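Inspection log for the structure reproduced underneath, given as structure tokens.
The values are calculated or read from the model by the stated rules, or taken from the named source; none is laboratory data. Just so we're clear, the structure is a prediction, and the values are computed from it rather than from any experiment. Glycine also receives a Cβ, built like all others from the backbone with ideal geometry; neighbour counts cover every protein chain displayed. Accessible surface is based on the protein model in full, side chains and every heavy atom, while ligands, DNA and RNA are left aside. Shrake-Rupley method; radii C 1.70, N 1.55, O 1.52, S 1.80 Å.
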Amino acid sequence: MKDPAVTQHPPQNDDEALLALWDRVGITVRCGYHPFCPCPARMYLEFTCRVALRGLRSEAVAQRRALEVLLQTARDEALPTYWRQVCLEYAQLALTRLADLLRHSDPVALEAIHGAVRQARDLVCAARADGPHAEPL
């Protein structure tokens, strides 16, 4: 018999299904399940836009979440360097959109976000120089 606390309930509507899919793709990105294919990172940003367009999250909240997942992944030294680079590149797309949203409303937060991106970029560049993981052919 299955534990009722562990049983997953199917989404009740399209909005719940989209949020669940956004979460699953975000987990795929964060865990680096497909480290030599950039498709999950691209899909994650596409679902981020859909979540915002449907009004399930504000665009700023959705883009911040996407940026955070991508930056956490880029900073994760346990993941292959190539995947970290991919996530850093896609983080730049989320940053660009978020910068448009926050430029006038919250410049202090925007500067902090730019700092986090610079830090992740430095870590990825250092990893490329050290090369703890093999790069794809």
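Close amide H pairs (under 5 Å, H built 1.01 Å from N) link GLY32 with no residue at least 5 positions away or on another chain. Largest GNM mean-square fluctuation across VAL108, VAL29, VAL61, computed for the chain with C-alpha springs under 10 Å, falls on VAL108. Heavy-atom surface analysis with a 1.4 Å probe gives the range 1-115 a carbon and sulfur content of 57 percent of its accessible area. Is the range 81-131 best put as rounded, prolate or oblate by its Cα gyration tensor, with a ≥ b ≥ c the root eigenvalues, rounded for a/c under 1.5, and otherwise prolate when a/b is larger than b/c, oblate when not? Since a/c reaches 1.5 but b/c is at least a/b, the shape of the range 81-131 is classed as oblate.
The spread of Cα positions in the range 19-82, taken along each principal axis and listed from longest to shortest, comes to 35, 17, 15 Å. Taken per residue, the accessible surface of the chain reaches 61 Å², heavy atoms only and a 1.4 Å probe. The GluC sites (Glu not before Pro) found in the range 32-100 that occupy coil by DSSP, while having at most 15 further C-beta atoms within 10 Å, are GLU77. The gain in end-to-end length when the ARG54 to ALA109 segment is fully stretched comes to 17.3 nm, 0.36 nm per residue minus the alpha carbon separation. Ranking ASP100, ASP23 by solvent-accessible area of protein heavy atoms (1.4 Å probe, all protein chains present), from largest to smallest, gives ASP100, ASP23. Normalised by the residues of the chain, what does the relative contact order come to in percent, with Cα pairs under 8 Å and at least six apart? So the answer I get is 23 percent. Volume of the convex hull of the chain (Cα atoms only), normalised per residue: 133 Å³. Checking every one of the trypsin sites (Lys or Arg not before Pro) in the range 8-66 against DSSP loop status and a limit of 16 other Cβ atoms within 10 Å picks out ARG54, ARG57. Convex hull volume of the Cα atoms of the range 8-51, normalised per residue: 62 Å³.
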